[in-house]
């Protein structure tokens with residue numbers, strides 16, 4: 001199964017004229033349903049609204065959207081997280097998935113007095129997930145002693161059904177992230193590298209574990225690659241790139257993901273004729289984009305699929321036109337996967 005997620009816009013995203021922020025948020029969630037996305041990513045930072053309240057609003061205004069909710073361990077305890085999941089499951093009969101983050105803004109971490117190292121923050125995420133899994137799965141009690149969380153004979157009632165159990169995502173690209181994700185995550189999410197670099201950095205490390213991969217990527221696709229590249233250049237035009245390039249490449253990245261992207265951007269703007277860093281170089285979006293015809297982009301996504309990617313978190317989907325073109329790619333990707341599976345079945349039953 002492949003999951004596609006949009007992102008609910010934060011308050012700082014430019015909204016359409018004559019539309020309130022809450023209507024903009026709900027419209028994005030509804031478009032995710034209309035264009036057959038799995039759900040919508042709900043972010044957490046100091047200028048966004050509480051992700052659980054946003055998720056509740058999504059559920060109240062859609063029929064099938066599965067919010068992928070950011071969980072920041074300094075903001076909510078494992079028990080509180082479990083109660084949120086339980087309440088949405090039992091009161092709305094709806095599922096949520098959880099995206100565990102450690103925080104990439106050093107200034108935000110400083111302002112709340114978070115003095116933990118990166119390794120300690122991921123250790124806290126690991127403890128959070130271990131307690132949370134126990135609470136959601138265990139019909140008795142949970143006892144846990146850690147460096148960041150502790151509980152003793154903790155009861156958790158009423159239970160939720162197995163169908164409502166969330167998938168656990170962990171976001172990040174660092175060695176610390178990879179180490180913890182391999183142990184406790186269902187899906188490890190990163191900004192991707194071009195396919196061969198991605199294979200070397202991520203796929204080999206996760207080959208022997210049950211953790212799948214997810215990527216945060218933008219898509220600009222049209223019927224032809226020429227149309228797609230025109231649209232890409234219009235959205236992130238050359239003059240903006242040139243104006244921001246020197247500043248961007250001389251600025252020290254604060255996290256492993258940005259360091260990876262910066263290193264690529266210093267070498268080239270385009271890789272494999274599809275993987276584009278123009279949005280990053282413009283200073284307006286930190287995610288790489290795939291640009292090309294629907295077939296070109298679907299084929300490139302299939303390359304990631306073959307390396308274990310099962311979740312695609314699509315950036316910058318804040319209009320129906322963008323959803324429309326992305327769904328075209330999504331459909332073609334599903335067709336490619338289906339053909340691939342059928343071919344594998346045929347090969348397995350035909351004697352060699």
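The values are calculated or read from the model by the stated rules, or taken from the named source; none is laboratory data. From a predicted model like this one, the values you see are computed outputs, not experimental measurements. As a convention, Cβ positions derive from the backbone with ideal geometry for all residues, glycine included, and neighbour counts pool all protein chains shown.
Does residue 324 qualify as being over 20 Å from residue 171 (Cα atoms), touching a strand residue (DSSP E or B) at 6+ places or on another chain (Cβ under 8 Å), at pLDDT 90 or above and in a helix (DSSP H, G or I)? No, not satisfied. Number of residues in segment 297-319 that are farther than 17 Å from residue 257 by Cβ, part of a helix (DSSP H, G or I) and out of contact with any helix residue (DSSP H, G or I) (no Cβ under 6 Å at 6 or more places or on another chain) equals 4.
Is it the case that residue 158 is surrounded by fewer than 17 Cβ atoms within 10 Å (Cβ to Cβ), farther than 30 Å from residue 24 by Cβ and touching a residue at least 40 places away in the same chain (Cβ under 8 Å)? When the stated conditions are applied, residue 158 passes them. The single condition from (1) more than 19 Å from residue 83 (Cβ to Cβ); (2) in contact with a helix residue (DSSP H, G or I) (Cβ under 9 Å, 6 or more places away or on another chain) that residue 158 fails is (1). Exactly one residue out of 332, 306 is crowded, with 18+ Cβ neighbours inside 10 Å, closer than 26 Å to residue 169 by Cβ and modelled with pLDDT of 95 or more, and it is 332. Within segment 214-229, the residues that satisfy the criterion of being within 23 Å of residue 258 (Cβ to Cβ) and either surrounded by fewer than 21 Cβ atoms within 10 Å (Cβ to Cβ) or in contact with a helix residue (DSSP H, G or I) (Cβ under 9 Å, 6 or more places away or on another chain) (or both) are 215, 216, 217, 218, 219, 220.
For segment 20-34, filtered to residues that are in contact (Cβ under 8 Å) with a residue 40 or more places away in the chain and under 18 Å from the mean Cα position of the chain (by Cα), the residue that is surrounded by the most Cβ atoms within 10 Å (Cβ to Cβ) is 32.
Take the conditions (1) surrounded by 20 or more Cβ atoms within 10 Å (Cβ to Cβ); (2) closer than 22 Å to residue 32 by Cβ; residue 163 misses just one of them, which is (1). Restricting to segment 60-69, and then to whatever is under 19 Å from the mean Cα position of the chain (by Cα) and surrounded by fewer than 24 Cβ atoms within 10 Å (Cβ to Cβ), can you tell me which residue is farthest from residue 6 (Cα to Cα)? Looking at residues that are under 19 Å from the mean Cα position of the chain (by Cα) and surrounded by fewer than 24 Cβ atoms within 10 Å (Cβ to Cβ), I get 64. Taking segment 276-290 as the range and being over 25 Å from residue 68 (Cα atoms) and outside any loop (DSSP other than H, G, I, E, B) as the test, the residues that pass are 276, 278, 281. Of the residues making up segment 277-291, none is on the phi > 0 side of the Ramachandran plot and at pLDDT 90 or above. Could you please find all residues in segment 166-176 being out of contact with any strand residue (DSSP E or B) (no Cβ under 6 Å at 6 or more places or on another chain) and either surrounded by 15 or more Cβ atoms within 10 Å (Cβ to Cβ) or at pLDDT 95 or above (or both)? Passing the criteria: 172, 174, 176. Meeting the requirement of 3 or more residues that are at pLDDT 95 or above, more than 24 Å from residue 214 (Cβ to Cβ) and touching a strand residue (DSSP E or B) at 6+ places or on another chain (Cβ under 6 Å), the strands (runs of 3 or more DSSP E) wholly within segment 66-161 are 141-145, 150-155.
Hey, any hits in segment 203-213 for a residue that's part of a loop (DSSP other than H, G, I, E, B) and within 16 Å of residue 259 (Cβ to Cβ)? Checked segment 203-213: no residue is part of a loop (DSSP other than H, G, I, E, B) and within 16 Å of residue 259 (Cβ to Cβ).
With respect to the stated conditions, residue 249 is surrounded by fewer than 15 Cβ atoms within 10 Å (Cβ to Cβ), at pLDDT below 95, assigned to a helix (DSSP H, G or I) and in contact with a helix residue (DSSP H, G or I) (Cβ under 8 Å, 6 or more places away or on another chain). Among the candidates 111, 64, 140, single out the residue that is over 28 Å from residue 312 (Cα atoms) and free of Cβ contacts under 8 Å to residues at least 40 places away in the same chain. After applying the criteria, what remains is 140.
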